[in-house]
Amino acid sequence: MKHTTTMGRRIAATALALVMAAGFAGCSTVQKLNPLKKDEPAESAAQGERISIVAFQDKIAPSERLKGQDFYIPSAQPVADWPLATGPAQTIEHAAAAAQFKVAWSKSIGAGSSTTAQVMATPVSDGKLIYTLDGEARVRAFDVNTGNEAWARDLNPGIRRDKDAFGGGLALSGGKLFVTSGYRLVTALDAATGEVQWTKTVETPLRAAPTVSGKFVVFTDVDNRTVALNQADGAPGWTYQAIVEPARILRTAAPVPYENLIIAPFSSGELIGLDAASGQPVWTQVLAQSTRTNALSEIRDISGRPLIANNMVFAASHSGVFAAMDAKSGQRRWSIPADSTNSAWVAGDAVYLSTVQSELMAANATSGQVYWIADLNKGRKKTASSFFAMGEGKKPAKLPTWTGPVLASGRLVMVNSEGDMVAFDPKTGERKESLKLGDPAFVAPIIVGDKLFVVTDKGRLIAIQ
């Protein structure tokens, strides 16, 4: 088995400051620029802003050949479970859920986001219970139908060194619930009772959720080290070290299992197919722009989970590459100059992605040609008067940031930082309806049974029926 030399911990304070300056935990930006706008870009970003190189390097536009053309979307199917943060056990393109598009119930999961805690973990579910992780490593299990709490477990070790730790996630396998946390712990719980089965301490904090493959539970730390532990007892398996990247986004994507591979995304912009048994790299892609306008310090994070559909991997980086690759060989099929911190969603002929500029696009999943692009903040003022310019100057307005999409009951559903869940037409991108959640939401919804579930920044689990 492969074990790499231990690397020094290099999580720079500036990386966290960069993210927190954006004004929310776990996503990339508050102010966004339109990539189609022809104005000259500023040379630097003010606090609360981030300038994407895509905004002035490349233009994304609908294909003239596909513009206005209809495309196939499969009929809605039920979703039995969602055992991994990366998605359901079976491939789902269009879910039969949230048909009424109204709140069924809402429950507290514990600590919400604050200066010392961040709600970042995607819930998981076995179809009967749904499991959550709050901002301070407390796990809860709720009945998916009623919201009744089944059990709770506090995994916060109370260590002074890690008193402000946060992040991590959840994964289900073989009756166990695996938990990673910023407190440098990996824990296996009995999924039915919450009883601790084993706990292992690791060297660096864990921001991303774990995944499972074969006999291993696999996770990636903040130093871009992917580690496999035995599911049964936490015994060491293999380790793979990617390029260490000190500047990164707070939210981190989990590795994705695919047949005999683990497809691991990193903050360096690397997407690597690892042999699930040994950790040896099988293929590598780098989703990063390589031009003279790129600075070495550019954030290249792949912070949205890679999506696997039809033996293809779809993934996007913050530095301006959205690509489709063969899942077995890593060979790139197509790429679009789109920067994103979210995951794509494939349904029939189309793949959907929301960008850093708050645009939602639909592209052909085979060719990458764009069907349509919709402005998620359409109708909102993009600039505001500057006080110091006595009303004459303009500055970027504070606009919501968006997470998603998922496709359920004919709706392309997004959530945003203003506490809205909004449905868009999957064929045209037109806004259909919206629902007030009450709290900001930065974690993409999951689907179990006939409901959508979303965790909010204030630590609430909301079920939408």
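The values are calculated or read from the model by the stated rules, or taken from the named source; none is laboratory data. All of these numbers come straight from a predicted model, not from anything done at the bench. In this analysis, Cβ positions are derived from the backbone assuming ideal geometry, glycine residues included, and neighbour counts consider all displayed protein chains. These area figures cover heavy atoms from the full protein model, side chains too; ligands, DNA and RNA do not enter into them. Shrake-Rupley method; radii C 1.70, N 1.55, O 1.52, S 1.80 Å.
With 20 Å as the limit, the listed pairs 107/200; 398/451; 378/436 have 107/200; 398/451 beyond it between alpha carbons.
Based on Cα contacts under 8 Å between residues 6+ apart, region 250-355 shows a relative contact order of 20 percent. Ligands, DNA and RNA left out, the 1.4 Å accessible surface of region 138-197 is 41% carbon and sulfur atoms. State the answer as a single residue: which of 204, 274, 192 lies farthest towards the positive end of the charge dipole of region 181-304, with beta carbon charges of +1 for Lys and Arg and -1 for Asp and Glu, about the Cα centre. My answer, from the dipole projection, is 204. Dipole magnitude for region 249-361: about 100 debye, using +1 per Lys or Arg Cβ and -1 per Asp or Glu Cβ, origin at the Cα centre. Summed over the residues of region 192-277 and divided among them, the accessible surface reaches 28 Å² per residue at a probe radius of 1.4 Å. Note on residue 203 and residue 278: the extension gain reaches 24.9 nm, defined as 0.36 nm multiplied by sequence separation minus the Cα-Cα distance. The slack between residue 116 and residue 369, meaning 0.36 nm per residue of separation minus the straight C-alpha distance, is 86.8 nm. A straight Cα-to-Cα reach below 20 Å connects residue 176 with the aspartates and glutamates 81, 126, 134, 143, 149, 154, 190, 195, 233, residues fewer than 8 places away in its own chain not being considered.
For region 62-113, the set of trypsin sites (Lys or Arg not before Pro) satisfying both a DSSP loop assignment and a count of at most 11 other C-beta atoms within 10 Å is given as 65, 102. Normalised by 2.2 N^0.38 Å, where N is the number of residues, the C-alpha radius of gyration of region 101-185 stands at 1.11.
Net length available on complete extension from residue 398 to residue 65 is 116.3 nm, with 0.36 nm assigned per residue and the Cα-Cα distance removed. Between 180, 150, 137, the Cα set farthest toward the positive side of the dipole of region 124-230 (charges on each charged residue's Cβ, about the Cα centre) is that of 180. Over all other residues within a Cβ to Cβ distance under 12 Å of residue 196, the charged ones net out to 0, with Lys and Arg as +1 and Asp and Glu as -1.
Packing-based ranking of 233-242, 354-363 yields 354-363, 233-242, ordered from highest to lowest mean Cβ neighbour count within 10 Å.
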